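The values are calculated or read from the model by the stated rules, or taken from the named source; none is laboratory data. Everything numeric in this text was worked out from a predicted model, so none of it was measured. Using ideal geometry, Cβ is built from the backbone for each residue, glycine included, and neighbour counts are taken over all protein chains shown.
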Protein chains: 4
Amino acid sequence: MPKVGVEPIRKAALVNATISEIGRAGSLDVTVSQIAKRAGMSAALAHHYFGDKESLFLAAMRHILTVYGAEVRGGLVMAEGPRARLQAIVRTSFSAMNFRGEVVSAWLNFYVMAQTVPEAQRLLGIYQRRLRSNLLADLRPLLGDGAPRAAAMLGALIDGVYLREALTRGQPDREAASGLVLLALESELARGKA
Amino acid sequence: MPKVGVEPIRKAALVNATISEIGRAGSLDVTVSQIAKRAGMSAALAHHYFGDKESLFLAAMRHILTVYGAEVRGGLVMAEGPRARLQAIVRTSFSAMNFRGEVVSAWLNFYVMAQTVPEAQRLLGIYQRRLRSNLLADLRPLLGDGAPRAAAMLGALIDGVYLREALTRGQPDREAASGLVLLALESELARGKA
Amino acid sequence: MPKVGVEPIRKAALVNATISEIGRAGSLDVTVSQIAKRAGMSAALAHHYFGDKESLFLAAMRHILTVYGAEVRGGLVMAEGPRARLQAIVRTSFSAMNFRGEVVSAWLNFYVMAQTVPEAQRLLGIYQRRLRSNLLADLRPLLGDGAPRAAAMLGALIDGVYLREALTRGQPDREAASGLVLLALESELARGKA
Amino acid sequence: MPKVGVEPIRKAALVNATISEIGRAGSLDVTVSQIAKRAGMSAALAHHYFGDKESLFLAAMRHILTVYGAEVRGGLVMAEGPRARLQAIVRTSFSAMNFRGEVVSAWLNFYVMAQTVPEAQRLLGIYQRRLRSNLLADLRPLLGDGAPRAAAMLGALIDGVYLREALTRGQPDREAASGLVLLALESELARGKA
DNA sequence: AATGAATGAGGATTCATTCAT
DNA sequence: GATGAATGAATCCTCATTCAT
């Protein structure tokens, strides 16, 4: 039985606290002290584990992307056929997890970070390419050459709908959000066949 | 010959400097001193005219929305028929003006501000409603009851595409951006007729 | 008929505004702009007339002392005999004019100024010596050699009572204040005779 | 052996430095930096311990009142009989400690603070009530019903004499000050018996 | 591993004062 | 005489980060 070090536990606590605090503040204007306090430790310890604030933010971003990726993979396991798989991808993008206020808020702020911090931009790029390739894989059998454009469109649409929900304070409407994208998907498929 | 007061000139200079600096920094982490210096005056004068930093940011946001609104109205003048008008709206959203790096950057950061500052949220709401009603007016004759959903979709798509371009450092591709949305528009129209 | 320049009018307005603002703020933390605005002019004009802020404060102090001096002289006109004159002096110190909240407040703050600004200390010295000599003149016939000490005591008592009223926000009680000092005066006189 | 935390030491150093600086400046126009430097630490640390400047001033005020209270209690221990106790109270009010230039200066400025800061007014109120009740307790056996008025008078006189000394730059004369009040006390007692 | 102590750097904001008109 | 324009200097306060223990 491997002795679990305290380090990963502390780090995880800090990452979660970071996301929570960003959600609470609605911006990246969050102090290390606030984060550390929420994680139940001193600010000095947070620095001990992450070196600096930016690294902590990046770790939080990585965490969100990791969870999102896992969820997508999980959703695809059960889906049969390209259409079902596409729907699963869309639904996962607006899953309860991803629509938690704090996650939405974190996403928005990662967008901002990506303008300044190269590593943040790289991570966001990974997310976008992964989404694109996921969509593409299942659009190809249905749309052939039209698939790349449809993938680009659906990817952008997902982000746009997500963005709008992020801006609407109050409970976001998951059903409406995924419904909108799913119907756009149908339009594309219908058009592809015509 | 009306004597042009110096106040509006100074204010305009500050608003422009604000947008420029936000663009340069890629974030709202811009000091009043930096803005004032770029506008060719002291930080104290900036405070004299705008009271505080937030008001300056909001003025910049208002300015961008105003220009955007004017551009949309301008584009609609020449367009004949609903389809042409819809295309004009889309094209304007990705106009050269709106795709200036600094404007893109400002938009992104206003999204963040909207999570915290009520007035910013209000302004963003105005933009969204205006875009929606513009789209709706011309979609209605073409799609009837299907118009609201299509408007929601196109609005979100515009924002999503804009967002993606904003994140792609380097020259954004205006043609690709509007092409993507215009094709989605065609899909909707085609589907509507079917 | 002498043509009254506008200068004395402006100066008087500024002096009054200064006293009012000090009273309102309860401290010397009053800006020239606030004073000027209350006096109905620009801050620049206030500087034009007084040179700097300190001079304005000193002018206000002088004004208060002048008015107080005039009131004392006025009160003495009617009083007959040393005892009546002493009572008049005491009563004037707690006159309605001197107990206006703003005047009380100004006094307190002049005490502070006197610690730093030589001219303020000089003015305060003048007030104290004048009060002392007034008291002394009428105490001498009644107490002989005991007069100086009694004068010192009564002077300090007047200041002390005044100070306490100044600290009691809410309407100061003029009757109680002068009553206290008048009784102390009686004690002194009684003791002097014994 | 209790490990003495550094916090109380730092706080005490800051309180002392505050009193010293106020004394040196003769006003509350003292910067946190000046205070911190005199206390041998950074301004940031001062804020760390006291939160803001006002709290630091209030702590200084509390300290002075505490020391004064202790001194009074100490002086009363040895005094036998009401008259001796009253004399002890008066003497303590003009003790060497209370007449250190910086303490005098601090008092004066606390009077000003009391006009604006509720907590300062509260503290000053406590001092006044304590002084009054101390005087009253020993005046009652000597003067009966005349005690309250005498207490009010002596309290005000102490403050007035103290104030006058505060305004006289140069070494204050403790003997003269307490002599004046003690003689007033005798007048009152003499009058009470008559 | 963990933290309180400590600070340098920085930033918004205020204000007395000057000056051109 | 009068003022809006303009600014330099100052101050409070915050915070990421370091370090000794």
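Please work out if D:E21 is over 21 Å from D:Y127 (Cα atoms), assigned to a helix (DSSP H, G or I) and away from DNA strand F (no atom under 11 Å from the Cβ). No, not satisfied.
Scanning the stretch C:163-180 for residues that are facing another protein chain (nearest Cβ under 8 Å) and under 18 Å from the mean Cα position of the chain (by Cα) returns C:L163, C:R164, C:A166, C:L167. You will find that of A:M97, A:M113, the residue that is surrounded by fewer than 16 Cβ atoms within 10 Å (Cβ to Cβ), closer than 29 Å to A:A25 by Cα and in contact with a Phe, Trp or Tyr (Cβ under 9 Å, 6 or more places away or on another chain) is A:M97 and no other. Let me spell it out: the conditions are (1) surrounded by fewer than 18 Cβ atoms within 10 Å (Cβ to Cβ); (2) within 14 Å of chain B (Cβ to nearest Cβ); (3) away from DNA strand E (no atom under 12 Å from the Cβ), and A:G26 meets all of them except one. Which number is the exception? With respect to (1) surrounded by fewer than 18 Cβ atoms within 10 Å (Cβ to Cβ); (2) within 14 Å of chain B (Cβ to nearest Cβ); (3) away from DNA strand E (no atom under 12 Å from the Cβ), A:G26 is out only on (1). Can you name the number of the only condition in (1) touching a residue at least 40 places away in the same chain (Cβ under 8 Å); (2) touching an Asp or Glu at 6+ places or on another chain (Cβ under 9 Å); (3) facing chain A (nearest Cβ under 10 Å) that B:T116 fails? Going through the list (1) touching a residue at least 40 places away in the same chain (Cβ under 8 Å); (2) touching an Asp or Glu at 6+ places or on another chain (Cβ under 9 Å); (3) facing chain A (nearest Cβ under 10 Å), B:T116 breaks only (1). Screening C:L157 with (1) under 14 Å from D:L163 (Cβ atoms); (2) more than 8 Å from every other protein chain (Cβ to nearest Cβ); (3) free of Cβ contacts under 8 Å to residues at least 60 places away in the same chain gives one miss only, at (2). Cβ-Cβ contacts under 7 Å between residues 6 or more apart (or on different chains), taken from a first residue in the stretch C:91-110 that is within 14 Å of chain D (Cβ to nearest Cβ) to a second residue that is among the basic types (K, R), are listed as C:F94/C:R174. What residue, among those in the stretch C:29-58 that are within 14 Å of C:A120 (Cα to Cα) and crowded, with 22+ Cβ neighbours inside 10 Å, is nearest to DNA strand E (Cβ to nearest atom)? The qualifying residue nearest to DNA strand E (Cβ to nearest atom) is C:L56. Give just the number: which of (1) of a type in the set (K, R); (2) at pLDDT 95 or above; (3) more than 17 Å from the chain's Cα centre (by Cα) does C:R62 not satisfy? All conditions pass for C:R62, except number (3). Restricting the first member to the stretch A:38-59 and to residues that are away from chain B (no Cβ under 14 Å), and the second to residues that are more than 7 Å from DNA strand F (Cβ to nearest atom) and of a type in the set (D, E), the beta-carbon pairs closer than 8 Å and six or more apart or on different chains are A:R38/A:E21; A:Y49/A:E7; A:L58/A:E119.
Scanning the stretch B:79-106 for residues that are closer than 30 Å to A:Q115 by Cβ and of a type in the set (A, V, I, L, M) yields B:A88, B:I89, B:V90, B:A96, B:M97, B:V103, B:V104, B:A106. Taking the listed residues D:L56, D:L28, D:L108, the one that is in contact with a Phe, Trp or Tyr (Cβ under 9 Å, 6 or more places away or on another chain), within 13 Å of DNA strand F (Cβ to nearest atom) and modelled with pLDDT under 90 is D:L28, with no other qualifying.
Here B:R10 passes the criteria (1) within 16 Å of DNA strand E (Cβ to nearest atom); (2) within 22 Å of the chain's Cα centre (by Cα) except the one numbered (2). Residues in the stretch B:59-72 include at least one that is within 15 Å of DNA strand E (Cβ to nearest atom) and either assigned to a loop (DSSP other than H, G, I, E, B) or not β-branched (V, I, T) (or both). State the number of residues belonging to the stretch D:75-123 that are in contact with a helix residue (DSSP H, G or I) (Cβ under 8 Å, 6 or more places away or on another chain) and assigned to a helix (DSSP H, G or I). Selection size over the stretch D:75-123: 32. For the structure I just gave you, tell me whether B:E21 is among the charged types (D, E, K, R), within 14 Å of chain A (Cβ to nearest Cβ), crowded, with 17+ Cβ neighbours inside 10 Å and within 16 Å of DNA strand E (Cβ to nearest atom). Spelling it out, B:E21 is indeed among the charged types (D, E, K, R), within 14 Å of chain A (Cβ to nearest Cβ), crowded, with 17+ Cβ neighbours inside 10 Å and within 16 Å of DNA strand E (Cβ to nearest atom).
Kindly evaluate A:I35 against the criterion of being part of a helix (DSSP H, G or I), within 27 Å of A:S178 (Cα to Cα), within 16 Å of DNA strand F (Cβ to nearest atom) and touching an Asp or Glu at 6+ places or on another chain (Cβ under 6 Å). In short, no.
B:E186 meets all of the listed conditions (1) surrounded by fewer than 16 Cβ atoms within 10 Å (Cβ to Cβ); (2) more than 9 Å from chain A (Cβ to nearest Cβ); (3) at pLDDT 90 or above but one, namely (2).
Taking the stretch C:78-90 as the range and being within 20 Å of C:R140 (Cβ to Cβ) and either within 16 Å of DNA strand E (Cβ to nearest atom) or free of Cβ contacts under 8 Å to residues at least 60 places away in the same chain (or both) as the test, the residues that pass are C:A79, C:E80, C:G81, C:A84, C:R85, C:A88, C:I89. Scanning the stretch A:123-144 for residues that are free of Cβ contacts under 8 Å to residues at least 12 places away in the same chain, away from chain B (no Cβ under 11 Å) and within 14 Å of the chain's Cα centre (by Cα) gives a single hit, A:R129. Would you call A:I64 without any contact (Cβ under 8 Å) to a residue 60 or more places away in the chain, crowded, with 18+ Cβ neighbours inside 10 Å and either more than 21 Å from A:L124 (Cβ to Cβ) or within 15 Å of DNA strand F (Cβ to nearest atom) (or both)? In short, no.
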